[in-house]
Amino acid sequence: MKYVIIGNSTAAIGCVEGIRKVDREGKILIISAELHHTYSRPLISYLLMGKTDEQRMKYRPDAFYEENGCETMFGKSVTKISPDKKTVTLDDGSEIAYDKLMVASGSRPFVPPVEGLEKVKNRTSFMTLDDAHSLKAMTGPKTDVMILGAGLIGLKCAECLIGKVKSITVVDMADRILPSILTPEAAAVVQRHLEKYGVKFILSDSAAEFTKDSAKLASGKTVEFDVLVTAVGVRPNTGLVSDAGGKVGKGIYTNEKCETTLKDVYSGGDCTEYYDSALGDVRILAILPNAYMQGLTAGINMAGGEAAFEHAIPMNAIGFYGLHIITAGVYEGESYVKSDGENYKALYFKDNVLKGFILIGDVARAGIYTALIREATPLDSINFDMIKERPQLMAFAKNVRRSRLGEEQ
Amino acid sequence: MKRVYVNEQWCLGCHLCEYYCAFANSGVNDMVKALKDKDIYPNIQIEEDKDVSFAVSCRHCRDPLCVKSCISGSLSISDGVIKVDQDKCVGCYTCILACPYGAILPSPRGVVQKCELCVDNIGGTPNCVKGCPNAAIVFEER
């Protein structure tokens, strides 16, 4: 059996570990455009903050490929999948045969179509290790930085520049920061925190035109900068699968086994769309834990085992200068909100289940809430008053506690 | 494999398990020196309500969500024991988001900490179990 994996990040590594749970013998080839040993993409901001280094931010140990019998081909891109011949074509024109193929092609930064963007002298996105290297080389204590986008990537970028540059201005079209994971009320708590460290925000506004070192905004304001970081979102890399005739919606379509509609071709990670069981609809949930679980599921199935990727929900853990934020699910239905200035908590519930939550500051034991959403636990089967107060196993019935704490899990 | 299991009906809520855990992880030989007048950060925690109390620590799940969710590769499984590499961990708390038992805890170092069944300190029976006066937590195969 010969497995070929396109990509070398989370879903690809999950796939290797999935294959090796079932098949210790088959050949695995990993093809990646990046030259680096597998590393954790979200750690690039921690790298620039000095909280990790390039050795420690490796997603798996140095011996990973060897121990898992993987051949690697770095610095090569796949340009075509031929599902009939069961080959992939590389950018150098060569063809490689596969028995089972994993497409973990990830996503790419969206470059906004703003006039003059190509004139900007110092510009980078903030997704890869190479981006982190570029940003570091471009910035210094005298640098004014403009970040376009107040999402997870833009704000982690802002955080790692605090204290290292002269100014940081974040611009976003949305009326609040982190619009994908926070309500306006919760976003205000985090914004106040970041403003304490000197980060400036211009919200409900967008870049209308760039010169080499300034942006004219839709409101008429001008922002001058030395370095521009574009962080306005990502787009899934779906082309290989759609060109080969596979089904692509918002992202690459896969079933619960992580199979695409192409025979013997699987996919997972940020290039795919999937069913969000909290939302009850299909969407792209580009989050690392789900990428790993999809990769693992794909790998097990590719090697002839049986696994399903189900109960995917949005969930994020992120922090800025000591302020932790954990969120999951969707913010629908009735809410319970508790705030004391420092800490903020909002729980959302509907139809007898917890639908979503936002915790800022005190995030201890948040996974107990996450599990209530994932498992759609009926709220009338637990002590909801206790759960509102804090995440605790005490809120569950005695027999449930006995099973959770007294049986092998 | 042997794990720590809870017999809720025997728990006195005395919190000794927390102290024994902190001691085992202190690297100090003398319990008094290790704990006296110090804030402790144990990997096992007592939950208590009016008449009920019980200890919660890592279940060492066979198919752990925390390990799958770890964004840095700091959590791994070694002979069934889920361990955290605190030098690799950046304290993003994705594991705290994922663990259904609330058994992974922020550490004073700014990273996370968790029960590792005392395999790398005292070895053998975990110290929380040794210190429990009423067999409310046990170390056995189930």
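In the range A:189-210, how many are in contact with a strand residue (DSSP E or B) (Cβ under 9 Å, 6 or more places away or on another chain) and not in a strand (DSSP E or B)? If you could, list the steps in order and put the result at the bottom.
At the first step, the residues of the range A:189-210 found to be in contact with a strand residue (DSSP E or B) (Cβ under 9 Å, 6 or more places away or on another chain) are A:189-191, A:193-195, A:197-203, A:205-210.
With not in a strand (DSSP E or B) added as a condition, the list becomes A:189-191, A:193-195, A:197-198, A:203, A:205-206.
Number satisfying all stated conditions: 11.
Across the range B:33-58, what is the number of residues that are assigned to a loop (DSSP other than H, G, I, E, B) and either among the acidic types (Asp, Glu) or within 8 Å of chain A (Cβ to nearest Cβ) (or both)?
Residues flagged as assigned to a loop (DSSP other than H, G, I, E, B) and either among the acidic types (Asp, Glu) or within 8 Å of chain A (Cβ to nearest Cβ) (or both) within the range B:33-58 amount to 5.
Quick one: what pairs do we get from the range B:109-132, first residue under 18 Å from B:Ala55 (Cβ atoms), second among the hydroxyl-bearing types (Ser, Thr, Tyr) and in a loop (DSSP other than H, G, I, E, B), C-beta under 6 Å, 6+ apart or different chains?
Hits for this filter: B:Gln113/B:Ser107; B:Cys115/B:Ser57.
Return the pair list, or none, for Cβ contacts closer than 7 Å from residues in the range A:119-132 that are without any contact (Cβ under 8 Å) to a residue 12 or more places away in the chain to residues that are in a helix (DSSP H, G or I) and crowded, with 20+ Cβ neighbours inside 10 Å, at least 6 apart or on different chains.
From the range A:119-132, no pairs qualify.
Could you check how many residues of the range A:277-309 are surrounded by 24 or more Cβ atoms within 10 Å (Cβ to Cβ) and among the hydroxyl-bearing types (Ser, Thr, Tyr)?
2
All but one of (1) small (Gly, Ala, Ser); (2) crowded, with 22+ Cβ neighbours inside 10 Å; (3) within 11 Å of another protein chain (Cβ to nearest Cβ) hold for A:Gly406, so report the exception by its number.
(2)
Which members of the range A:216-260 meet the condition of being touching a Pro at 6+ places or on another chain (Cβ under 9 Å), assigned to a strand (DSSP E or B) and over 24 Å from A:Ala158 (Cβ atoms)?
A:Val248, A:Ile252
The conditions are (1) within 9 Å of another protein chain (Cβ to nearest Cβ); (2) within 27 Å of A:Ala395 (Cβ to Cβ); (3) buried (at least 22 other Cβ atoms within 10 Å of the Cβ), and B:Ser72 fails exactly one of them. Which is it?
(2)
Here is a check on your reading of the model: is A:Asp84 part of a loop (DSSP other than H, G, I, E, B), within 13 Å of another protein chain (Cβ to nearest Cβ) and among the acidic types (Asp, Glu)?
Spelling it out, it is not the case that A:Asp84 is part of a loop (DSSP other than H, G, I, E, B), within 13 Å of another protein chain (Cβ to nearest Cβ) and among the acidic types (Asp, Glu).
Looking at the range B:72-108, which of its residues are free of Cβ contacts under 8 Å to residues at least 24 places away in the same chain, among the aliphatic types (A, V, I, L, M) and touching a Leu at 6+ places or on another chain (Cβ under 9 Å)?
B:Val90, B:Ile96
Go through the range B:10-32 and count every residue that is within 14 Å of chain A (Cβ to nearest Cβ) and in contact with a Phe, Trp or Tyr (Cβ under 9 Å, 6 or more places away or on another chain). Spell out how you get there, then give the answer.
Here is the first cut: in the range B:10-32, the ones within 14 Å of chain A (Cβ to nearest Cβ) are B:10-11, B:13, B:17.
Now drop any that are not in contact with a Phe, Trp or Tyr (Cβ under 9 Å, 6 or more places away or on another chain), which leaves B:11, B:13.
The total comes to 2.
When the residues of the range A:279-321 are narrowed to those that are within 11 Å of chain B (Cβ to nearest Cβ) and part of a strand (DSSP E or B), which ends up farthest from B:Cys99 (Cα to Cα)?
Taking the candidates together, the pick is A:Gly319.
What's the number of the condition A:His324 fails, among (1) within 11 Å of another protein chain (Cβ to nearest Cβ); (2) in a loop (DSSP other than H, G, I, E, B); (3) closer than 29 Å to B:Pro106 by Cβ; (4) not β-branched (Val, Ile, Thr)?
If we test A:His324 against (1) within 11 Å of another protein chain (Cβ to nearest Cβ); (2) in a loop (DSSP other than H, G, I, E, B); (3) closer than 29 Å to B:Pro106 by Cβ; (4) not β-branched (Val, Ile, Thr), just (2) comes out false.
Tally the residues that are over 11 Å from A:Ile326 (Cβ atoms), hydrophobic (A, V, I, L, M, F, W, C) and crowded, with 20+ Cβ neighbours inside 10 Å, restricting the search to the range A:338-368.
Final tally of qualifying residues: 5.
Within the range B:81-97, how many residues are over 15 Å from the mean Cα position of the chain (by Cα) and over 23 Å from A:Leu47 (Cβ atoms)?
Narrowing the range B:81-97 to residues over 15 Å from the mean Cα position of the chain (by Cα): B:87-94, B:97.
If we keep only those that are over 23 Å from A:Leu47 (Cβ atoms) as well, we get none.
Matching residues across the range B:81-97 total 0.
Readers should treat all values here as calculations from the given coordinates under stated rules, not as data from a laboratory. All figures in this text were calculated on a predicted structure; none of them were measured in a lab. Virtual Cβ from ideal backbone geometry, glycine too; neighbours counted across all protein chains shown.
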